[in-house]
Amino acid sequence: MSAPRRDFWVIHLLTILVCAFFAARATGRLVGLLLDQTPTGQRTLAAAAAPPEAAPAPRAITAVVSRNIFCSTCEVSSGSDSPSEDEAGTPSSTPTKTSLKLKLLATLVREDNPAQSVACINDLATSRTGVYGVGAKLGDGVSVVEITLRQVVLRNGQRQELLTLGDGEGEPSRAQEGQFRRPDPLEGLEGVASGIRQVADRKYSIDRAVLTKALSDTSLLTGVRAMPSLRDGQPVGLAVYPKVGSIPSLLGIFGGDVLQTVNGQAITSPAKALEVMQGLRGASQLTLSFVRRGVPLTHDYTIR
């Protein structure tokens, strides 16, 4: 009976170890159950509080592409990469003077409806004259965009161009406007030209024989085109376009001049102009009043 008593402490020690083992397992399971019941947001609070690792910045591909590969020190332009309107092929917003062989003879502008305005245009290459409205085509790739009092805006391909009244053959420069430079007469008018002389600024002397011949032979006046000039729908004169060297040209009349009166009588049509001219057979004085580029002028002619 004495031996079992001596070893009894060993039994107690084994019992304590076994109980400790099972207590430890129970504690682990309890902690695991508690963790499973904790919300995910609370379990990951520490991880969420840590700032995320910054993603690498994207490479600036625009700067790389726009860099001049032949000049490593040149600065990259900061302007827009988009093409301009001209580079994109759209019409320029600022019209320039046309280089087409065209001459604007007259315009008829409707202020109440500009789209119904018309222009008389002469094709210098073919010597053909036509009346064109807004949108009309003058040739391959050329059309009328807008008609104003003294100008026509043309669309020539991808460009907008201006055709101005007075531009073209026979139009004097501004330096010549203050003084008359006598042109060479047309063939057959050499004798007529010798009877017309300039005696002062805008003053002339005409041999009566020249005037009589001109009034009796209307073919001498075929070197001039004329159209009524209108303002607000009412005639204000006659726009004349003489050939260089014709009788009106020898009298100091330029292309585009708007003849308003002859010896004080209003000129509103070609027929009225011929009627007034026929009454000059016995006159000793001829006075022409007209407008040149918006400036009113008067020429006096003494008939001898």
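In segment 107-122, the residues that are touching a residue at least 40 places away in the same chain (Cβ under 8 Å) reach residues that are loosely packed, with under 14 Cβ neighbours inside 10 Å with C-beta atoms within less than 7 angstrom, at least six apart or across chains, in these pairs: R110/Q116; E111/D232; C120/V131; I121/G130. State yes or no: is L259 crowded, with 19+ Cβ neighbours inside 10 Å, within 21 Å of G294 (Cβ to Cβ) and not small (G, A, S)? Yes: the conditions hold for L259.
For segment 281-304, the candidate set comprises residues that are out of contact with any strand residue (DSSP E or B) (no Cβ under 8 Å at 6 or more places or on another chain) and free of Cβ contacts under 8 Å to residues at least 24 places away in the same chain; within that set, the residue that is farthest from R231 (Cα to Cα) is G282. Restricting segment 262-280 to residues that are touching a helix residue (DSSP H, G or I) at 6+ places or on another chain (Cβ under 6 Å) and in contact (Cβ under 8 Å) with a residue 24 or more places away in the chain, the residue that is surrounded by the most Cβ atoms within 10 Å (Cβ to Cβ) is I267.
Count of segment 174-205 residues, restricted to those that are within 47 Å of the chain's Cα centre (by Cα) and either at pLDDT 85 or above or aliphatic (A, V, I, L, M) (or both), is 18. Taking segment 81-113 as the range and being exposed (fewer than 12 other Cβ atoms within 10 Å of the Cβ) and modelled with pLDDT of 50 or more as the test, the residues that pass are T90, S93, T94, T96, K97, S99, E111, D112, N113.
Each residue in segment 239-260 was checked for being under 34 Å from the mean Cα position of the chain (by Cα) and aliphatic (A, V, I, L, M), and 6 pass. When segment 251-279 is filtered for residues that are aliphatic (A, V, I, L, M), under 26 Å from D184 (Cβ atoms) and either in contact with a Gly (Cβ under 7 Å, 6 or more places away or on another chain) or in a loop (DSSP other than H, G, I, E, B) (or both), the ones remaining, listed by number, are L251, I253, V258, L259.
The values are calculated or read from the model by the stated rules, or taken from the named source; none is laboratory data. Worth saying up front: this structure is predicted, and the values here are computed from it rather than measured. Virtual Cβ from ideal backbone geometry, glycine too; neighbours counted across all protein chains shown.
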